[in-house]
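In what follows, a structure is listed as structure tokens, so that the remarks can point back to it.
Just so you know, all these numbers are worked out from the coordinates, no wet-lab data involved. Bear in mind that the values here come from a model prediction, so they are computed numbers and not experimental data. Cβ sites come from the backbone with ideal geometry, for glycine too, and all protein chains shown count toward neighbours.
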Amino acid sequence: MNQTGLITPEELRPICGRACRILDELDRILLGHHEVHRLLLIGILSRGHILLEGLPGVGKTALVKALGSLLSLEFKRIQFTPDLLPSDILGCNILQMMPDGERKMVFQPGAIFSNIVLADEINRASPKTQSAMLEAMQEHAVTLLGETRPLPEPFFVLASQNPIELEGTYPIPEAQLDRFLFKIAVGNVGADVLTEIISNRRRGEPPAPTFHVSAAELAELFDAMERIYLSEPVANYMARLVAAGHPGSPEALPEIERFVSFGASPRAAIALAESARAAALLAGRPSVGFEDVKSVAPAVLNHRLILNYQARLEKVTSFDLIGLLLEKVDPAGLGLPAGVALEPGGAK
Amino acid sequence: MKQLDPVRRAESMAHRLRRRIAAALFLRGFLRASGAAWFAAGALVLAVRIFARPLPDAVPWGIAVAALVVSAAIAGCSAAKQLPGIRRLLAWLDGAGASGGLLTASLEVAPGAWRERIVLPAMPKIRTGGAREWVAPAAGAAFLAGTLLIPQSRIAPQEHCALDISAETAELEQKLEVLEEESLMREEELDGMHAALDELELDNDARDTARTYELLDALARKVDLAGEEAGERVRNELETLRMLSLALDSLNALPLDQVPPEAAAQMSALLEELAQENPELAKMLADSGAATAKLDPGTMKRLAEAMRDSSGGLERKLAKLVEQKLLKSRCARPGQCDGGDGSCASPGSCPYGEDLATWLEKNAPGADGLLAACAMCEPRPGGRSGAGEPGRGRADAMLRYIGNTPEFSGKETDLAVAGVNDPAQSMVVQRFAGAPDVDGSERRAAAAGHLRGGDAEVEQRDARIYPEHRAAVERYFKPKEK
């Protein structure tokens, strides 16, 4: 039994090492996207679904494939198109003749029955098809013809969407967006990274993973996540951070009042807590710190702040507002009056 | 040396930091509250010094101290309300030290081996508004100091400064009191004068002394004039009563068979006529029944006595008026019998008017019977006690002389010489009355200091300016040019 209440350094060290190794391997496979890889790994450790947004060809699919391969998880890809039907994702019952000659309706699982599902260009499918993902993402189960079938664990949806070519697309509704733990922007890489890709990778093929994490090792990672301690001051900071993003709340900043229509839901606070735990684990700490919260807050909140037309007009992004929240909301919640502040290291 | 537990050190540091924050918050709150408090106190001190004079010098300083105390109280309450708790400060130290939540977690669970990983930052510096925070309180304090230290003359130069006219107003008050007590003025006039006096005291302004004294003089003149008029009325009443009593005494002194029959009736008519103007006299007549009945010796005697008694009351009124300087002399004819200080040299002996005959001619024209009766009678010796003058006879004695003197063997008369010493053309400037010095005994007795009174006869002489001397007199009194 753990007497201290915190996971011991000895217990945490191999787990943290394993997580860091996964991260290093991802960095090796896909060049120039360390922060994306870190957030992706945090999302996986938090058991959350992730929406990757980026232009075609930046390595979204390759990243997901590499992750599936590393974690020894079953990986399936669904290319979302306007004519894609829910049954194409979830599966359907097919009348089938049995060996004994009897005909029965047999369930044929869809592509969603997998550990990692890559929903490629998810915004190209119709809302009906998109909403078919809702139950699966939230309940980790599929109900078809009145019969609920659980999905394999762990279950992750890693969706991607193209921010351009919006013609013929269906923007993901807020209800579905909220179910994604992170929305990560996958950007372009620099010239030096491109040079390395061109020089060292034939036809751009990423290298195969050098190691794989077994299901037991992955379970250990998930178990360690449960033992990362979240103290009350840090939890309070997360709560105040989310509340400050709600226009009309007492903690709301003037900029939030001006540019935000709807703030983040309580699910966002839960997601923040989970992802902060994963960030602490990845950093090798037994407890969540303020900096862990700050490191994951943009990815958690950026797709949950619904901006108004004024924000679009003034080209204010959700990342700008999150940066403002992180700057203005005092982590410790000292509640000092305006004009009074503590400057670190100012006095002996 | 054993290293102190990091959590303990963090708690100690948090306590020290909390004290520093409390001091900073108190100072900041005090500066903000005092900025307003000094200005408010300064304004209050200014108002008090301008409008609430006189007041003790401690009051403005008390206001300043009260402002100080209120500012401190507000700052204390504000600081206590805004002061963060220890847990919050530990959370801040956790974040500043980049302990990754270990410090905050260690407050809730045992940190175990992670204790060593707790990193404490240096004691933070507390940043406040800086010099800007001092501007308002410094300005307020300067304003308050100014209101406290500036001389009173600069603050309230328009302060009312009155002349000390208390003695004059007190004198006027006394005069008005006498006039009121003796019912010598109408109530409305008295009220008007009292109001004028009050107004004068209110308008008394040392910066306009001329106006103040002019007002005072005007009021004093008005009061004196009222006193003079009242005194004149009293004097007239007194003269009337005395003359009437003389006439009554004269009639009463004659034997009944010598009194002309119409004299009593004329006397009665005169009394009734005068009673219409003199309520006092009317009352006497009513009391004696003389107004309706024919005057008999007894009634006349009672009336004369009553008139003499009433004269005493009028003399007291006159004495009060003289005492208050409302009247120069209480004598009927000032200058004839003044004692110098306004009193009568011999109150009972003043000759009231030219004589009774003159008075009767003036007040009862056509009453020849009465005039003849009074002329016939001899005033009785003595008269009322204390009213006579030794050596000069009774004050109310008729100025007549019958008999011879050593220098002039016949009745004294003015001899008219044509163009010279014509009495008809002359002017009487002085009239003398004295006992005839038959054998020089009067002169010798007077020289020895012995006065003789009683029934002595009186000699009258006039000093006249005759026409031939008038030019010389005018030249004498004509102002000489330099």
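Taking amide H as placed 1.01 Å from N in the peptide plane, B:LYS125 has its amide H under 5 Å from the amide H of A:GLU343, A:GLY345, A:GLY346, A:ALA347, each at least 5 places away in sequence or on another chain. With the convex hull drawn around the C-alpha atoms of the range A:30-207, the volume per residue stands at 142 Å³.
Electrostatic bookkeeping for B:LEU285 treats Lys and Arg as +1 and Asp and Glu as -1; over the other residues with beta carbon under 12 Å from its beta carbon, the sum is -2.
Going by C-beta contacts inside 10 Å, put B:ASP5, B:ASP249, A:ASP120 in order with the fewest on the left.
B:ASP5, A:ASP120, B:ASP249
Remark: the range B:6-155 carries a charge dipole of roughly 200 debye about the Cα centre, counting +1 on each Lys and Arg Cβ and -1 on each Asp and Glu Cβ. Label reach from B:THR128 (point 7 Å along Cα→C-beta): in the range B:1-43, amide nitrogens under 15 Å belong to B:18-36. For the range B:129-210, what does the alpha-carbon gyration tensor say about shape, rounded, prolate or oblate, given a ≥ b ≥ c as the root eigenvalues, a/c under 1.5 as rounded, and a/b over b/c as prolate? It comes out prolate by the Cα gyration axes. For chain A, adding -39500 (n - 2.57) for each run of n ≥ 4 DSSP H residues and dividing by the number of residues yields -13500 deg cm²/dmol at 222 nm. Cross-link reach is defined here as a Cα-Cα straight distance under 15 Å, omitting same-chain residues fewer than 8 places apart; for A:LYS294 the aspartates and glutamates meeting it are A:GLU35, A:GLU274, A:ASP320, A:GLU327, A:ASP330, B:ASP94.
Using the crude model of +1 on Lys and Arg Cβ and -1 on Asp and Glu Cβ, and no other charge, please compute the dipole size for chain A relative to its Cα centre, in debye to 20.
In total the dipole reaches around 260 debye.
Amide H contacts of A:ILE78 (H built 1.01 Å from N, in plane; Pro and chain starts excluded): A:LEU118, A:ALA119, A:ASP120 sit under 5 Å, all sequence-distant by 5 or more or on other chains. Ordering A:ASN162, A:LEU73, A:VAL142 by Cα displacement along the dipole of the range A:30-207 toward the positive end leaves A:LEU73 in first place; charges were set at the Cβ atoms of Lys, Arg (+1) and Asp, Glu (-1).
If you take all other residues with their beta carbon under 14 Å from the beta carbon of A:MET97, and give Lys and Arg +1 and Asp and Glu -1, the sum is 0.
Against the empirical 2.2 N^0.38 Å scaling, what ratio does the C-alpha Rg of the range A:142-266 come to?
Here the answer is 1.55, to two decimals.
Within 10 Å of each residue's Cβ, count the other Cβ atoms and sort A:SER131, A:SER214, B:SER78 from fewest upward.
Details: A:SER131 15, A:SER214 10, B:SER78 18.
Least to most surrounded, the residues fall as A:SER214, A:SER131, B:SER78.
Checked against a 30 Å cut-off, the cross-linked pairs A:LYS65/A:LYS104; B:LYS320/B:LYS478; B:LYS175/B:LYS362; A:LYS76/A:LYS183 give Cα-Cα distances beyond that limit for A:LYS65/A:LYS104; B:LYS320/B:LYS478; B:LYS175/B:LYS362.
Proximity of backbone amide H atoms, modeled 1.01 Å from N, is registered between A:ILE184 and A:LEU51, A:LEU52, A:GLU53 at under 5 Å, excluding neighbours fewer than 5 places apart on the same chain.
Average the reciprocal distances over every distinct pair of alpha-carbons in the range A:65-113, invert the result, and give the Kirkwood radius in Å. Intermediate values should be presented prior to the final figure.
On the way: mean 1/r = 0.0764 Å⁻¹.
Every distinct Cα pair counted, the radius reaches 13.1 Å.
By the scheme Lys and Arg +1, Asp and Glu -1, what is the net charge of all other residues having a beta-carbon under 11 Å from that of A:HIS49? Spell out each step's value before the answer.
Values: positive: A:ARG47, A:ARG179, A:LYS183; negative: A:ASP178.
Here the charged neighbours net out to +2.
Taking other C-beta atoms within 10 Å as the exposure proxy, B:SER426, A:SER318, A:SER160 rank B:SER426, A:SER318, A:SER160 from fewest upward. Each part reduced to its alpha carbon centroid, the range B:233-250 and the range A:146-192 end up 138 Å apart. Charge dipole of the range A:95-174 (Cα centre as origin; +1 on each Lys and Arg Cβ, -1 on each Asp and Glu Cβ, all else neutral): 220 debye, rounded to the nearest 20. Against the main long axis of the alpha-carbon atoms of chain A, helix A:266-282 sits at an angle near 90°. For the pair B:SER166 and B:ALA43, a Förster radius of 30 Å applied to the C-beta separation gives a FRET efficiency near 0.25, rounded to the nearest 0.05. Spin-label model, A:GLU220 to B:ASP198: label points 7 Å out along the Cα-to-beta-carbon direction sit 10.9 nm apart.
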